[in-house]
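A quick write-up on the structure given underneath.
Please treat every number below as a calculation from the coordinates, not as lab data. This structure is a prediction, so every number in the text was calculated from the model and none was measured. Methodologically, a virtual Cβ is constructed for each residue, glycine included, from the backbone with ideal geometry; neighbour enumeration extends over all protein chains shown.
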Amino acid sequence: MAEALSAAGSDVYMYYWKWAPDPAKVCEDYGEDAEVSPWGRAMHCMEVVFAFGTTKEGYDTLAGKEEDLPMDLVEKTMATWYTFAKTGNPNNDTMGVEWPTYNADTRDTMVVNEDATWKVESDPRSEDRKVLDQKRPTGE
């Protein structure tokens with residue numbers, strides 16, 4: 001989808017969210033209600049907790065208790081998603097790194113790492129993408 005939108009002239013900002021809570025801690029706190037990856041990976045929609053600041057209720061079984069979250073990541077993510085919604089460009093003073101637009105040549109992607117740092121990488125998970133490319137319809 002990102003490739004198609006970019007090729008059509010849209011500004012696309014790709015990201016890959018890797019930050020995840022300690023699954024053992026979330027399971028200890030929430031028992032059977034915990035919704036964590038047993039491999040310690042970020043679950044689908046993990047960034048929603050950070051983008052909307054829903055750290056006290058609603059997603060705590062996914063991300064963990066508010067006091068265990070990196071609040072600087074919450075603030076940075078909220079500012080970035082807000083800036084994107086307002087201007088169409090996520091770049092803002094809190095990021096500390098320029099987020100380039102995505103294109104099929106460089107595949108620049110903002111990676112939110114396990115340690116809550118942000119870094120632009122070219123074509124992260126390229127091996128996975130290449131496998132999917134083989135399965136993608138050609139449009140012929």
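Only beta bridges with both residues in the range 2-135 are counted; by DSSP, about 55 percent of them are antiparallel.
Pairs exceeding 31 Å between alpha-carbon atoms, taken from K65/K86; K65/K130; K18/K86; K76/K135; K18/K135; K56/K119: K65/K130; K76/K135.
Could you work out how far apart the two model spin labels at V120 and L132 are, taking each label as a point 7 Å from the Cα in the direction of the beta carbon, and quote it in nm? Each label point is offset 7 Å from its Cα along the Cβ direction, giving 2.1 nm. Computed from Cα atoms, the angle from the helix 126-135 axis to the main principal axis of the chain rounds to 60 degrees. Dividing the summed helix terms, -39500 (n - 2.57) for each DSSP H run of n ≥ 4, by the number of residues in the chain produces a 222 nm estimate of -10000 deg cm²/dmol to the nearest 500. Among C27, C45, a tally of other beta-carbon atoms within 10 Å of each Cβ gives an order, fewest to most, of C45, C27.
Under the combined filter of DSSP loop state and at most 11 neighbouring Cβ atoms within 10 Å, the range 1-62 retains these GluC sites (Glu not before Pro): E57.
Here L62, L73, L132, L5 are placed in order of increasing Cβ neighbour count within 10 Å, fewest first, which gives L132, L5, L73, L62.
Using the Cβ-Cβ distance between E98 and F52 with R0 = 25 Å, the FRET efficiency computed as 1/(1 + (r/R0)^6) comes to roughly 0.55. Given their separation in residues at 0.36 nm each and the Cα-Cα distance between them, K18 and E66 gain 15.5 nm when the chain is fully extended.
Over the C-alpha atoms of the chain, the Rg to Rh ratio, Rh being the Kirkwood estimate, stands at 1.01. For the pair K86 and T106, label points projected 7 Å from Cα toward Cβ lie 2.5 nm apart.
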